[in-house]
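**Q** Could you have a look at this structure, given as structure tokens, before my questions?
The values are calculated or read from the model by the stated rules, or taken from the named source; none is laboratory data. Remember, it's a predicted structure, so these values are computed and weren't measured experimentally. Quick reminder, even Gly has a Cβ in these numbers, built from the backbone with ideal geometry, and neighbours come from all protein chains shown.
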Amino acid sequence: MHAPLEGVHRRQRQHTLGISLFWRTFILLGLLLLGSAGGWYQLFRTLEYEPRVIDNARQVASLVNLSRAALIHSDAIARVSLIKTLADQEKVRILPHEPGDKFDLFAQTELERRMSNELIARLGPDTIVASRVNNESGLWVGFSIEGDSYWLLMDRSRVGALLGGGTWLLWLATVGAVSLIGAALLARLINRPLKQLSIAAARVRDGNYQSTRLDEGAMSSEIREVNVGFNRMADQLSKIEQDRAEMLAGISHDLRTPLARLRLETEMSVPDEEAREHMVADIAQVDTIIDKFLDYARPDHLTLVEMPLAELVHESVTPFAVRDDMEFQVDVAPELRVLGDDVELMRVLSNLFENARRYGKTPGTGIARVRVAATARDGMVSLRVRDNGPGVSPEQLPSLTRPFFRGDTARTAATGAGLGLAIVAKMVQNMGGQLELANSPSGGLLAIVRLQQAHESKATAKPSQRLKRRGAGKD
């Protein structure tokens, strides 16, 4: 029996975890823009950046070779002057390479490794390229002059200019941020008409036709046509709803007035008492059927309020509990509260109790034993109404809530219009709930009314109350 309810819980969880169209559009556009930026950057690296690194390595190698040649062909005094000139004008320092120097290789990134390999290929396998020597950063290139080892040190800022430094990372971060902002704006622009349409559709669903107007001057012709069509549909539905309300108001007077006169004339003019009672009963049945039709045709929108479930259940049970052919067992925690309409919920319970009285009597006893219980789970309250009758064939269960459907008429001998459970299902749906019908494993028909819980309540077990009252009552 719990399988249908578990399916409802799964559908609700799937709906809750679903991603909105805005976020789907935003993610897709963001991935597209970021992918485009990443592809452009990779293309730039291949066609422009790596050749620039190789060219810069060539320039550094040329500078090392020129410095080495100049130092080789100059005397000691000119060598000191040359070293000072290189430091002042070219920001290049020539330092002796001591055996105890500690250095870190210039190979932290792929581009640095590429440049280091290019320098080694041009200057010789004994060339050392370092990024730090004795805790001083820069581009250090080790070379030898007549057996003496030297370092050529270029300023770190110059090395950063050659390799791009963090400029490209900053540029990529900026492009990524701008891409995401652009994706958000595009997604908002694309999904705004759909969001407005969704809000308007929800208002129409709730019966609020007057404040449901979409912009008929939208720039997009497709959106404009949809908005115009939706507004026309809302106007037509509003007119239909108004016509239905006027029709229902007239039916009560136009049909019941002749019925009242007919009943009065029957009681006064028919001499046979038995025939008169049958005719009066037929007129009462017609009046009841009219009530059913009016209930089923009543407008769908309701104003939901917080209600104490236990009080409404006991108030609905009382008129039936005084009958000598019904027994009730009520197990509803007093702290349970639901969102609904008190009049509609009492009509729902009355229809279920009447259905149990007619078709749910325990075989061989002539008494309908009804158990009413309620539990709370996942923000919903499940109100269970079970009788001990013969139940319904599994093939007929899905059809019980269809208008004008009657089950086994030979078994039930029903004289109604076949609208009872259809009215119950519609009323429950109007209150934002669901109706489930199934055969109870212990026998009888089980109806589960699921309504929204007003707030979190700690429902504790409450001793069952057996309401068994004997008395003379009329059907």
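**Q** Out of curiosity, is ARG406 assigned by TED's automatic domain parsing to the domain that holds VAL313, at pLDDT 70 or above and among the basic types (Lys, Arg)?
**A** Judged against the criteria, ARG406 is not a match.
**Q** Next question. So which residues in segment 84-119 are in a helix (DSSP H, G or I) and under 60 Å from the mean Cα position of the chain (by Cα)?
**A** GLU110, LEU111, GLU112, ARG113, ARG114, MET115, SER116, ASN117, GLU118, LEU119, listed by residue number.
**Q** Could you say whether any residue in segment 356-364 is touching a helix residue (DSSP H, G or I) at 6+ places or on another chain (Cβ under 8 Å) and either surrounded by fewer than 17 Cβ atoms within 10 Å (Cβ to Cβ) or outside any helix (DSSP H, G or I) (or both)?
**A** No, every residue in segment 356-364 fails to be touching a helix residue (DSSP H, G or I) at 6+ places or on another chain (Cβ under 8 Å) and either surrounded by fewer than 17 Cβ atoms within 10 Å (Cβ to Cβ) or outside any helix (DSSP H, G or I) (or both).
**Q** Right, next: In a loop (DSSP other than H, G, I, E, B), farther than 15 Å from THR127 by Cα and without any contact (Cβ under 8 Å) to a residue 12 or more places away in the chain: is that true of SER81 in this structure?
**A** no
**Q** Let me ask you something else. Step by step: first the residues of segment 283-311, then only those that are acidic (Asp, Glu) and over 18 Å from GLY432 (Cβ atoms), then the one that is modelled with the highest pLDDT. Which residue is that?
**A** Among those that are acidic (Asp, Glu) and over 18 Å from GLY432 (Cβ atoms), it is GLU311.
**Q** Residues in segment 103-119 that are closer than 15 Å to TRP140 by Cβ and among the acidic types (Asp, Glu): how many?
**A** Number of matching residues: 2.
**Q** In the list SER399, SER382, which residue meets the criterion of being hydroxyl-bearing (Ser, Thr, Tyr) and modelled with pLDDT of 85 or more?
**A** SER382
**Q** Listed residues GLY250, GLY217; which is over 28 Å from THR401 (Cα atoms) and either assigned to a helix (DSSP H, G or I) or modelled with pLDDT of 75 or more (or both)?
**A** Matching residue, one of GLY250, GLY217: GLY217.
**Q** While we're on this one: Can you name the residue in segment 324-367 that is among the small types (Gly, Ala, Ser) and farther than 18 Å from HIS314 by Cβ and is also nearest to the chain's Cα centre (by Cα) among such residues?
**A** GLY360
**Q** Taking the criterion of being at pLDDT 75 or above, under 22 Å from ALA177 (Cβ atoms), touching a helix residue (DSSP H, G or I) at 6+ places or on another chain (Cβ under 9 Å) and small (Gly, Ala, Ser), would at least one residue in segment 49-65 satisfy it?
**A** no
**Q** Out of the residues in segment 132-152 that are buried (at least 20 other Cβ atoms within 10 Å of the Cβ) and either closer than 21 Å to GLU50 by Cβ or of a type in the set (Lys, Arg) (or both), which is modelled with the lowest pLDDT?
**A** LEU139
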